[in-house]
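These notes concern the structure reproduced below.
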Amino acid sequence: MSSAGSAGGNRAARVSSQLDDLGVDVLLVHGAANRRYLSGFTGSAGVLLIGSERRVLVTDFRYTVQAREQAPAFDVVEAAEPLDGLADAVAAAGATRVGFEPEHVTYAGFQKLEARLGELTPAAGLAPVDRVVERQRVTKDPGETAILREAVSIADQVMARAAAWIEPGVTERALANRLEAAMRDLGAEGPAFDTIVAAGPNAAMAHHQPGNHRIAQGEPVIVDLGARLKGYCSDITRTFVAGAADETFRRIYALVLDAQLAAEAGIRAGISGRAADALARDPIAAAGHGNDFGHGTGHGVGLEIHESPRLSTRSEDTLAAGMVTSVEPGIYIPEWGGVRIEDLVLVQDDGVEVLTQAPK
Ligand code: ZN
Ligand code: ZN
């Protein structure tokens, strides 16, 4: 399975094999999730250099011991000044064309790196390389899928507690705090993102911050949470009602659930992110609530909570087997509230496996 080390070696080898096509001698990996994915190293500071054969992790003294343990496929270089360590690694690799991740390097960092590499003999130049590691991360290997299943299972168990703990008088914030504590009790490293509890009119805001609002009888309550486990994120939303549901709630809930189930029934490898989005969006629009569904139907999850693919009206992605994505349509009505239902699914050739097991 995915001992970080062996997975790290194979994953880095895939990057190595693309360097020629990318037109660079080495790739510098600054992105934290990409660094962890390729090497297994979980520290907060460090840069990878991936060459056709060379694999170097430049970090500082705080992390050297940890890096050698976690990233056995990499030569760990301790550098008091990371820029010097990187320049030395580039020179040792004989590289003059150095790829970097433009999305993960600040402009100031780029300027310093460019100046430093320009001083080498021969001088090395920088070339932006677009999302090469992210493209690899989008389909999950069996080791990653196994971890995601565990993270989903924790989220399912926490959501069962939410169902039991929602009652009139409880504040959004108190419930969110309790849910996050439950996650840790169940073995999560922590929440994958700030837990959302949005009750009554607050549920009309897709990303409401839990506050002092007290849940009242008959209000819709959106709970959106995820557990982080071994770096990987889960993501689930359920919508509850405290006490008896009124006619509006029953109608909106049924509509969102139908749309969510239609998307899960229709998604499979080969369809576009736009077509997947439309599976949920069309029935909601047909019922006259198209303008009340203002976000995308889904997003990939993995080491980051929002990854490719995107399931939205503007998506450029095509779904493939092994991708793990959320399916989360919602309807939000100002002053009344909202309903969102979200599962994680594993895309397969002929459909999806719904990973989320919590009742809906
Ligand atoms: Zn969510
Ligand atoms: Zn989500």
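Coordinate-derived values only; no laboratory data. The structure presented is a predicted model; accordingly, all values stated were derived computationally and were not measured.
Observations
- Rounded if a/c under 1.5, otherwise prolate or oblate - the stretch 219-290, Cα gyration tensor axes: oblate
- For the stretch 45-110: rounded, prolate or oblate by the Cα gyration tensor [a/c cutoff 1.5]: oblate
- Between the stretch 273-352 and the stretch 188-239, the alpha-carbon centres lie 17 Å apart.
- Compared with the dominant principal axis of the Cα atoms in the chain, helix 142-165 is inclined by about 30°.
- Only beta bridges with both residues in the chain are counted; by DSSP, about 80 percent of them are antiparallel.
- Under the criterion of Cα pairs below 8 Å and six or more residues apart, the relative contact order for the stretch 225-360 equals 29 percent.
- Once backbone amide H atoms are built at 1.01 Å from N, Val26 has Arg97, Gly99 as its partners under 5 Å, excluding neighbours fewer than 5 places away on the same chain.
- Most mobile of Val170, Val158, Val47 in a GNM of the chain (Cα contacts under 10 Å): Val170
- Each residue of the stretch 238-244 was assigned a 3J(HN,Hα) from its phi angle through the Karplus expression (A = 6.51, B = -1.76, C = 1.60, θ = phi - 60°), giving 10, 10, 10, 9, 7, x, 7 Hz with x at Gly and Pro.
- Relative contact order, percent, the chain [alpha-carbon distance under 8 Å, six or more residues apart]: 13
- Length gained on full extension, Glu119 to Ala244: 37.9 nm, using 0.36 nm per residue less the C-alpha separation.
- Gyration tensor verdict on the chain (Cα atoms; rounded if a/c is under 1.5, prolate if a/b is larger than b/c, oblate otherwise): prolate
- Choice from Ser315, Ser44, Ser153 with maximal GNM fluctuation in the chain (Cα, 10 Å cutoff): Ser44
- Gaussian network model of the chain, Cα within-10 Å springs - most flexible of Val15, Val65, Val24: Val65
- Take every pair of alpha-carbon atoms less than 8 Å apart whose residues are at least six positions apart; their mean separation over the length of the stretch 164-267 yields a relative contact order of 26 percent.
- Degrees separating the helix 273-286 axis from the principal Cα axis of the chain, which is the longest one: 20
- Calculated [222 nm] ellipticity per residue, helices only, for the chain: -11500 deg cm²/dmol; basis is -39500 (n - 2.57) per DSSP H run with n ≥ 4, divided by all residues, nearest 500.
- For Asp75, residues with placed amide H under 5 Å, excluding near neighbours: Arg55, Val56, Leu57
- Compared with the dominant Cα axis of the chain, that is its longest principal axis, helix 247-266 is turned about 40°.
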